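Peer 1: Can you read through this structure? Questions will come right after.
The values are calculated or read from the model by the stated rules, or taken from the named source; none is laboratory data. Bear in mind that the values here come from a model prediction, so they are computed numbers and not experimental data. For neighbour counting, all protein chains shown are included, and Cβ atoms are generated from backbone atoms with ideal geometry for every residue, glycine included. SASA here: full protein model, heavy atoms, side chains in, ligands and nucleic acids out. Shrake-Rupley method; radii C 1.70, N 1.55, O 1.52, S 1.80 Å.
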Amino acid sequence: MSDPFTVSIVLIAFLAFGGLSMGLAMICGSSVYLIMRGFDPSIAAETLLQGLFNSYTLLAIPLFILAADIMNIGSLADRLLRFSQALVGRFKGGLGHVNVVSSLIFSGMSGSAVADAVGMGKIIINMMTKDGKYTKSYAAAITAASATIGPIIPPSIPMVLYALVSDQSVGYLFAAGMMPGLLMGVVLMTMNLIIAHRRGFDVDEAIPLRDMPGVTFRAIPALLLPVILLGGIYGGIMTPTEAAAVAAFYALSISVVLYRSVTAGQFFETLLASARSTATVGILIAGALTFQYVITRENVPDQLAVFLAQYDLGPVGFLIAINILFIALGCILESGAILLIIVPIFIPTAQALGIDLVHFGVVCVVNAMLGLITPPYGLLLFIVSSITKQPLGRIIRDLLPFLFALFVALGVITFVPDFVLWLPRLLGYGG
């Protein structure tokens with residue numbers, strides 16, 4: 001225990017499992033490492049401040065959080081849910097399909113799995129369990145599973161975090177998430193259909209086709225947000241950070257001016273909630289930046305590359321190992337910690353093996369999102385459990401088929417890089 005790096009790791013683990021936030025735990029562990037090495041402890045503060053203030057991309061995170069929170073308090077979520085119900089509610093297991101489709105649409109605006117589960121999730125769970133058509137545990141399970149799509153389809157806060165540590169284009173990472181996100185939606189809807197037939201779920205009451213134009217018209221202002229967002233980014237009109245500002249302003253404008261569904265009091269509370277969420281993410285990023293300095297000083301990435309070279313894994317073997325490792329880590333670590341602490345260690349090895357870093361980023365983010373629903377830590381499991389008041393064990397039992405379906409999708413995303421990179425290449429990516 002006399003080795004500073006070992007002491008740092010043990011201290012971080014002790015503090016994190018003791019209840020301290022991961023960000024603060026990493027700052028403490030890094031500071032102890034610097035003191036034991038005889039370095040000036042102010043290096044930690046300097047590294048932290050330089051990392052936070054020199055990254056313009058990071059400004060996108062609080063703005064996307066604010067946009068998602070505004071959509072949750074306004075009537076945008078209700079209108080999008082009604083539109084989703086009109087599209088797929090008439091099929092077997094209809095409200096389960098509505099759950100997935102609404103997540104697909106909402107994910108094009110929020111970029112956050114938690115925002116999806118807390119905002120849209122509450123509404124759809126109440127709809128699914130209202131007349132006893134679906135059990136509360138099943139509604140909770142499919143809500144948690146579908147919420148993982150949120151950070152895959154652009155915009156995506158985890159993709160911004162990956163861009164921070166990998167120095168890759170946020171725009172191309174956003175584009176690379178589109179097809180994987182749609183694939184995840186398809187496999188979840190397929191599994192929902194299979195379960196609906198096995199359990200004999202009734203066909204839900206469908207919205208008449210004659211009402212479709214009206215439902216669609218009322219949802220158009222909300223549906224335009226992803227179009228404006230992605231069109232602006234890929235049309236070269238605005239950067240992802242500027243697009244995040246536009247998303248927040250547009251969500252506020254249509255909620256206040258057009259729908260008139262947000263009061264001054266609600267907006268003030270939303271600003272406070274967004275500030276709290278931003279502070280949580282900011283502390284995590286700050287801690288990761290200071291700990292990355294420790295990892296760099298210890299030359300961990302190069303040592304890992306030498307270690308892996310002994311086994312001659314190759315790109316396929318390396319990706320299999322990454323998936324196994326990240327899924328295991330997802331059981332105990334939050335997604336932000338995985339992306340900011342663990343992923344940077346493996347990036348040099350991925351580059352040396354010729355793995356495209358945009359493709360690698362999507363693989364990492366999908367794994368991190370699956371960690372949100374992987375027992376025992378899975379954050380989304382705790383969220384839907386608190387919403388439905390159902391025991392975790394019952395939710396996990398209903399979740400397992402959806403988790404299997406998402407693992408199938410992960411296999412395609414991991415081993416068919418052309419599937420992931422097709423859209424970025426169409427938009428000019430040279431990888």
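Peer 1: For the chain, give the magnitude of the charge dipole about the Cα centre (Cβ charges: +1 Lys/Arg, -1 Asp/Glu; no others), in debye to the nearest 20. Don't skip to the answer; put the middle values down first.
Peer 2: Working: 20 positive and 21 negative charges, 288 e Å.
For the chain, the charge dipole is close to 1380 debye.
Peer 1: Using the Cα centre of the chain as origin and beta-carbon charges of +1 (Lys, Arg) and -1 (Asp, Glu), tell me which of GLY150, GLN310, GLY171 is placed farthest towards the positive end of the dipole.
Peer 2: Of the listed residues, the answer is GLY150.
Peer 1: Using a Gaussian network model on the chain with a 10 Å cutoff between Cα atoms, which of MET184, MET36, MET22 fluctuates the most?
Peer 2: Result for the chain, Cα springs under 10 Å: MET36 fluctuates most.
Peer 1: In 10 Å bins starting at 0, how do the alpha-carbon pair distances of the chain split up by percent?
Peer 2: Distribution as computed: 5, 21, 31, 26, 12, 4, 1, 0 percent.
Peer 1: Grab every C-alpha pair in the range 215-296, bin the distances at 5 angstrom width from 0 up to the longest one, and report whole percents.
Peer 2: Percent of Cα pairs in each bin: 3, 12, 14, 16, 16, 17, 10, 6, 4, 2, 1.
Peer 1: Say R0 is 30 Å: what FRET efficiency, to the nearest 0.05, do PHE382 and ILE43 get from their beta-carbon distance? It would help to have the intermediate numbers written out before the result.
Peer 2: Details: r = 36 Å, r/R0 = 1.20.
Working from the Cβ atoms, E equals 0.25.
Peer 1: While we're on this one: Any chance you could give the angle, 0 to 90 degrees and rounded to 10, that helix 136-147 forms with the longest Cα principal axis of the chain?
Peer 2: 60 degrees
Peer 1: Just how much of PHE217 is accessible, in Å², when a 1.4 Å probe is used and the result is rounded to the nearest 10?
Peer 2: 150 Å²
Peer 1: Enter the angle in degrees (range 0 to 90, nearest 10) between the Cα long axis of helix 417-426 and the first principal axis of the Cα atoms of the chain, meaning the one along which they spread out most.
Peer 2: The angle comes out near 80 degrees.
Peer 1: Now for a different question. Wrap a convex hull around the Cα atoms of the range 256-316, take a quarter of its surface area, and give that in square nanometres. Don't skip to the answer; put the middle values down first.
Peer 2: Values: hull surface 33.0 nm².
So the Cα hull casts an average projection of 8.2 nm².
Peer 1: I'd like the accessible area for SER169, computed on protein heavy atoms only with a 1.4 Å probe and all protein chains in place. Round to 10 Å², please.
Peer 2: SER169 has an accessible surface of roughly 50 Å² with all protein chains in place.
Peer 1: Which order do you get for ASP398, ASP312, ASP69 if you rank them by accessible area with a 1.4 Å probe, largest at the top?
Peer 2: Numbers: ASP398 10, ASP312 130, ASP69 35 Å².
So the residues, ranked largest to smallest area, are ASP312, ASP69, ASP398.
Peer 1: Where the accessible area of the range 207-291 is counted over protein heavy atoms with a 1.4 Å probe, how much of it, in %, is carbon and sulfur? Could the numbers behind the result be given before it?
Peer 2: Values: 3140 of 4260 Å².
The C+S portion of the solvent-accessible surface of the range 207-291 is 74 percent.
Peer 1: Need the full-extension length gain, THR6 to ILE220, defined as separation in residues times 0.36 nm minus the C-alpha distance. One decimal, nm.
Peer 2: Details: separation 214, 0.36 × 214 = 77.04 nm, distance 5.52 nm.
So the chain would gain 71.5 nm between THR6 and ILE220.
Peer 1: Mean projection of the alpha-carbon convex hull of the range 264-400 over all orientations, in nm²? Please list the in-between numbers first.
Peer 2: Values: hull surface 43.1 nm².
Average projection, Cα convex hull of the range 264-400: 10.8 nm².
Peer 1: Where Lys and Arg each count +1 and Asp and Glu each count -1, what net charge lies around PHE83 among other residues with Cβ under 12 Å from its Cβ? Intermediate results must be reported in sequence, preceding the final value.
Peer 2: Details: positive: ARG79, ARG82, ARG218; negative: ASP78, ASP211.
Within the 12 Å Cβ shell, the charges total +1.
Peer 1: How much accessible area per residue does the chain have, in Å², with a 1.4 Å probe?
Peer 2: Details: 17760 Å² over 431 residues.
Spelled out: the 1.4 Å probe surface of the chain, per residue, equals 41 Å².
Peer 1: Helix 94-110: angle to the longest alpha-carbon principal axis of the chain, degrees 0 to 90, nearest 10?
Peer 2: Between the helix axis and the principal axis of the chain, the angle is about 50 degrees.
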